[in-house]
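Here is the structure we will look at, set down as structure tokens.
The values are calculated or read from the model by the stated rules, or taken from the named source; none is laboratory data. The shown structure was predicted, so the numbers you read here are calculated from the model rather than taken from an experiment. Here the Cβ positions follow ideal geometry from the backbone for every residue, glycine too, while neighbour counts run over all protein chains shown. We work out accessible area using only protein heavy atoms, side chains counted, and drop any ligands, DNA or RNA first. Shrake-Rupley method; radii C 1.70, N 1.55, O 1.52, S 1.80 Å.
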Amino acid sequence: MRDVIASPDNKFYKLLKKLDKKKYRDENSIFKAEGEKFLNENINFNKIIVKESKFEYFDEKYEISRHDNLTILKDNLFDEVSTQENSQGIIFLYSKNLNTIEDIQGDVVILDDIQDPGNAGTIIRTMIAANFQNLILTKGSVDVYNPKTVRATMSGIFKLNIIYETPEKIVEFLNNKNYLKIATALHEDSISYEKIELQENNAFIFGHEGGGVSEYLIENSDIKAIIPIYGNIESLNVSVATGIFLYKMREKRIEKII
């Protein structure tokens with residue numbers, strides 16, 4: 001007999017609702033990911049939650065009933081915990097990445113006070129496409145484990161080392177590990193990203209959607225760099241700028257090898 005949660009007073013159901021808030025994601029070190037595509041990812045999940053009316057579909061296609069960690073919700077309860085308008089009827093719980101800054105090796109992308117979930121998700125997807133594995137966000141940045149960002153990463157969130165840290169600890173780490181610190185900034189002494197000469201370990205710093213990189217990180221950077229803008233517009237969206245910049249840096253790496 002299948003276990004079906006039908007009561008809104010159920011303890012696990014209440015937890016699912018709470019996981020829309022960062023506080024409870026942090027307390028439990030878990031987050032939700034929604035959509036059928038996660039069934040095709042070879043990533044260990046803590047639990048599958050499926051809408052009762054969609055159970056037969058998913059069981060016939062993926063044999064989800066073979067999983068011990070399966071929970072079925074009545075349709076009305078599932079709709080309450082889903083964050084999507086047109087939900088496919090399946091949610092997964094995953095453990096959060098618990099790496100620390102000392103686990104970082106090689107080039108790193110730093111996002112300073114990024115606030116928009118969609119921007120963060122797009123940047124994560126772009127990092128994976130350009131073969132960057134390390135992401136540090138300053139504390140106070142958007143929570144990449146919120147449902148909107150997880151969805152925007154298209155499962156990319158599982159493929160990066162993701163760390164939150166203070167600007168001071170970030171700078172200390174980068175200095176101790178001899179990183180070349182490159183901040184994107186519109187300063188009079190900024191150079192075109194074309195002129196950057198990469199070192200063995202490089203840190204690429206991108207800033208807040210409205211205010212850019214903080215003065216503290218700019219002052220502690222080795223290079224201030226810009227992407228040339230040829231048309232009549234002041235700046236680029238941070239996710240677009242990050243994508244252009246990282247692909248240029250990847251090209252420079254490839255050219256060095258050739």
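Do any residues in segment 142-157 that are on the phi > 0 side of the Ramachandran plot have Cβ atoms under 7 Å from those of residues that are assigned to a helix (DSSP H, G or I), where the two are at least six apart or on different chains, and which pairs are they?
Taking only residues 6 or more apart or on different chains, the pairs are MET154/ARG125; SER155/LYS37; SER155/PHE38.
Pairs only if they're at least six apart or on different chains, beta carbon under 9 angstrom, first in segment 81-94 and touching a residue at least 24 places away in the same chain (Cβ under 8 Å) and under 13 Å from ILE49 (Cα atoms), second among the hydroxyl-bearing types (Ser, Thr, Tyr) and assigned to a loop (DSSP other than H, G, I, E, B); list them, first residue then second.
From segment 81-94, the pairs are GLY89/SER82; ILE91/SER82; ILE91/THR83; TYR94/TYR145.
What's the total number of residues in segment 168-193 that are closer than 14 Å to ASN220 by Cβ, in contact with a strand residue (DSSP E or B) (Cβ under 7 Å, 6 or more places away or on another chain) and of a type in the set (D, E, K, R)?
1
Go through the residues of segment 24-41 one by one and say whether even a single one is free of Cβ contacts under 8 Å to residues at least 24 places away in the same chain, within 30 Å of GLY140 (Cβ to Cβ) and not charged (D, E, K, R).
Yes; the residues of segment 24-41 include at least one that is free of Cβ contacts under 8 Å to residues at least 24 places away in the same chain, within 30 Å of GLY140 (Cβ to Cβ) and not charged (D, E, K, R).
When residues of segment 209-249 are filtered for being open to solvent by 50 Å² or more (accessible area, probe 1.4 Å), modelled with pLDDT of 95 or more and closer than 18 Å to THR122 by Cα, how many remain?
Of the residues in that region, 3 qualify.
What residue, among those in segment 1-58 that are in contact with a Ser or Thr (Cβ under 9 Å, 6 or more places away or on another chain) and of a type in the set (Ser, Thr, Tyr), is most open to solvent (accessible area, probe 1.4 Å)?
The extreme case among them is SER29.
It is to be established whether one or more residues within segment 195-204 are among the small types (Gly, Ala, Ser) and open to solvent by less than 40 Å² (accessible area, probe 1.4 Å). Give the steps one after another, and end with the answer.
Residues of segment 195-204 among the small types (Gly, Ala, Ser): 203.
Checking which are open to solvent by less than 40 Å² (accessible area, probe 1.4 Å) leaves us with 203.
Yes, segment 195-204 has at least one match.
Name the single residue that is most open to solvent (accessible area, probe 1.4 Å) among those in segment 59-84 being among the charged types (D, E, K, R) and closer than 21 Å to ASP20 by Cα. So that I can check it myself, show each step before the final result.
The initial filter retains those residues of segment 59-84 that are among the charged types (D, E, K, R), namely 59-61, 63, 66, 68, 74-75, 79-80.
Okay, now just the ones that are also closer than 21 Å to ASP20 by Cα, so 74-75, 79-80.
Numbers: LYS74: 72, ASP75: 50, ASP79: 83, GLU80: 106 Å².
Per the stated criteria, the residue is GLU80.
What pairs come up if the first residue lies in segment 121-138 and is of a type in the set (Phe, Trp, Tyr), the second is assigned to a helix (DSSP H, G or I), and their beta carbons are under 8 Å apart, counting only those six or more places apart or on different chains?
These pairs meet every condition: PHE132/LEU246; PHE132/ARG250.
Is there a residue being in a strand (DSSP E or B), more than 24 Å from the chain's Cα centre (by Cα) and among the hydroxyl-bearing types (Ser, Thr, Tyr) anywhere in segment 185-206?
We begin by selecting, within segment 185-206, every residue in a strand (DSSP E or B); these are 191-192, 202-206.
Narrowing the set further to residues that are more than 24 Å from the chain's Cα centre (by Cα) leaves 191-192.
Keeping just the survivors that are among the hydroxyl-bearing types (Ser, Thr, Tyr) gives 192.
Among the residues of segment 185-206, at least one is in a strand (DSSP E or B), more than 24 Å from the chain's Cα centre (by Cα) and among the hydroxyl-bearing types (Ser, Thr, Tyr), which makes the answer yes.
Would you mention how many residues in segment 147-158 are open to solvent by less than 20 Å² (accessible area, probe 1.4 Å) and over 8 Å from the mean Cα position of the chain (by Cα)?
Residues of segment 147-158 open to solvent by less than 20 Å² (accessible area, probe 1.4 Å): 149-150, 153, 155-157.
Filter once more, keeping what is over 8 Å from the mean Cα position of the chain (by Cα): 155.
Final tally of qualifying residues: 1.
Take the residues of segment 154-193 that are among the acidic types (Asp, Glu) and modelled with pLDDT of 95 or more: which is farthest from SER235 (Cα to Cα)? Walk me through how you get there before you give the answer.
From segment 154-193, those among the acidic types (Asp, Glu) are 165, 168, 172, 188-189; that's our starting set.
After this cut, where a residue has to be modelled with pLDDT of 95 or more as well, the list is 165, 168, 172.
Working: GLU165: 27, GLU168: 27, GLU172: 30 Å.
Per the criteria, the residue is GLU172.
Identify, by number, the condition in (1) touching a residue at least 60 places away in the same chain (Cβ under 8 Å); (2) farther than 15 Å from THR138 by Cβ; (3) open to solvent by 30 Å² or more (accessible area, probe 1.4 Å) that HIS187 doesn't meet.
Here HIS187 clears every test but (1).
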